[in-house]
C-alpha cells in the first residue's frame, strides 16, 4: 500500500520505519528542515516530499504532527477530498497537562471539520519510542490500538497498517468515539512520562 505521511517527527519516522519494513511504500513529508527530512526518509527507506505530494501519493494519508500545527499541516497537504486520512494525533496541551479538546468533542472530529471531504479514521499508534526500538512488542505482545471512523472501507485500509506496526486493533465504532480513545491515550502519556513508567507501556483489551 502507498502511505503518505504528513509529519516527519518521532511518530512520522516511526511509521515510515515499520511500514517500509512491512513492504509498504511510504512518502515522508512536513519538516522545518529539508535536510533532516531527506536524511530520515533515506534512513528508513521512504521517499521525501512536500505534504501535497504525500497527499497525492498515498492510498492512505497519515497525519502525524503535534496538535498545535494540525491546521498548518492540513493546509500544506492541499485537497484531501475522498482521501483516507489516518489521524495519528492527540490533542495534547504543549506542557502535557491535559487535552486541548475533549470529551464533548475530539481532536479527530476537529480534523474532520478542517478536512470535511476526507474519510477520517482515528487510530493513535503505540509510542514512537516503542516503534523505533528493536522490539516493538511489550512482553511479547502487541499493544492494543483503538480505531474509529464513520467509513468502514476507510477503516479497513488503515487496519493492516496498524497491524504491521504491530498493534492489536480493536474497532471502536464511529468517529465520535475518539472522544474516549484520546483521553485513554493521554492516560498512557501521564503514566509513561508523568509517573515515569517509560514508553514501553500500552493498553490491552481482554475479551472472554
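What follows is calculated from the coordinates using simple rules that are stated; it is not laboratory data. Since the structure is predicted, the reported quantities are computational estimates derived from the model, not experimental observations. With ideal geometry, Cβ positions are generated from the backbone for all residues, glycine too; neighbour counts draw on all protein chains shown.
Our Cα-only numbers for the stretch 1-120 put the radius of gyration and Dmax at 13.7, 41 Å.
One decimal place: the segment residue 79-residue 193 gains 37.4 nm when fully extended, by the rule 0.36 nm per residue minus the C-alpha distance.
The Cα trace of the chain gives Rg and Dmax of 15.6, 50 Å, the first to one decimal, the second as a whole number.
Give, in nm to one decimal, the length gained when the segment between residue 59 and residue 10 is fully stretched (0.36 nm per residue of separation minus the Cα-Cα distance). Walk me through the intermediate numbers first.
Numbers: separation 49, 0.36 × 49 = 17.64 nm, distance 2.18 nm.
Contour length minus Cα-Cα distance gives 15.5 nm.
Placing a label point 7 Å from the Cα of residue 36 along the Cα-to-Cβ direction, the residues of the stretch 52-79 whose backbone N falls under 13 Å from that point are 66. Tally the DSSP beta bridges in the stretch 2-194 and give the antiparallel ones as a percent, rounded to 5. Taking every DSSP beta bridge with both residues in the stretch 2-194, the antiparallel ones total about 15 percent.
When only alpha carbons are used to place a centre, the stretch 33-98 and the stretch 1-25 end up 10 Å from one another.
Sorting 101-107, 44-50 by average packing, meaning the other beta carbons within 10 Å per residue, from highest down gives 44-50, 101-107. Remark: relative contact order (the chain) = 18 percent; criterion is Cα-Cα distance under 8 angstrom and separation of 6 or more residues.
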